[in-house]
Amino acid sequence: MRRSILFVTPMLLSCAQSIAPTDTLISRDLKGRVAGPPQTCVPTISSGALTAIDASTLAYHSGNIIYLNHPDAPCPAIAPLSTLIVDAAPGHYCRGDRVRGVEYGGGIPGPVCVLGDWVAYRRP
C-alpha cells in the first residue's frame, strides 16, 4: 500500500482576536452532540481539516461530524497552532498512523506520536 505524508496547517487567526482556552472551544463545538462508538479509521475525503486541540487531543471535522482522537501518549510538539504532519494512507486516518507537530514559528518537527481510536460526535 502506498503511503503519503500530508501536511495539515491550522487556520491563522487575526492578531486582534483573543484565543479562548482549548477546553472551552472543544466544549462549545461538542455541545448538543452525541459520542458514537470508537472507530479505527475515519475517511478524509471531505474538505475537513485535522487540528490540534492540545497535546493529547486532535480533532477532524468532516461535514457535520466532529471526530476526536487521543494519541497513545501526549505529543509534546502538538499545540493548537502547530502544523501537523501526518503519515497516513490516502483517503483515511487510522489508529496507528503517525503524526508529528511543528511548533508555530518553528521548522523542526517534534517526536512521532501514534494515533488512537476515533470517536465521532454527531447531532442527534
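Note down the nm distance, to one decimal, between modelled labels 7 Å out along Cα→Cβ at ASP87 and at ASP54.
Here the modelled spin labels are 2.8 nm apart.
Residue by residue through segment 74-91, what is 3J(HN,Hα) from phi via Karplus (6.51 cos²θ - 1.76 cosθ + 1.60, θ = phi - 60°)? Round to whole Hz and write x for glycine and proline.
3J(HN,Hα) across segment 74-91, in whole Hz: x, 9, x, 9, 9, 9, x, 9, 5, 7, 9, 10, 10, 9, 9, 5, x, x.
Restricting the calculation to Cα positions, tell me the Rg (one decimal) and the Dmax (whole number) of segment 37-124 in Å.
Taking only Cα atoms of segment 37-124, I get Rg and Dmax of 12.3, 42 Å.
Under 5 Å between amide hydrogens, which residues at least 5 positions from ALA49 or on another chain qualify, with H placed 1.01 Å from N in the peptide plane?
For ALA49, the qualifying residues are HIS61.
Long-range amide H contacts for HIS92: which residues qualify at under 5 Å (H placed 1.01 Å from N, peptide plane, sequence gap of 5 or more or a different chain)?
Residues meeting the criterion, in which the H sits 1.01 Å from N, are THR44.
Read the figures in this text as sums done on the coordinates, not as results from a lab. Since this is a predicted model, take the numbers as computed values, not measurements. Neighbour counts are summed over all protein chains in view; Cβ atoms, including those assigned to glycine, are modelled from backbone coordinates with ideal geometry.
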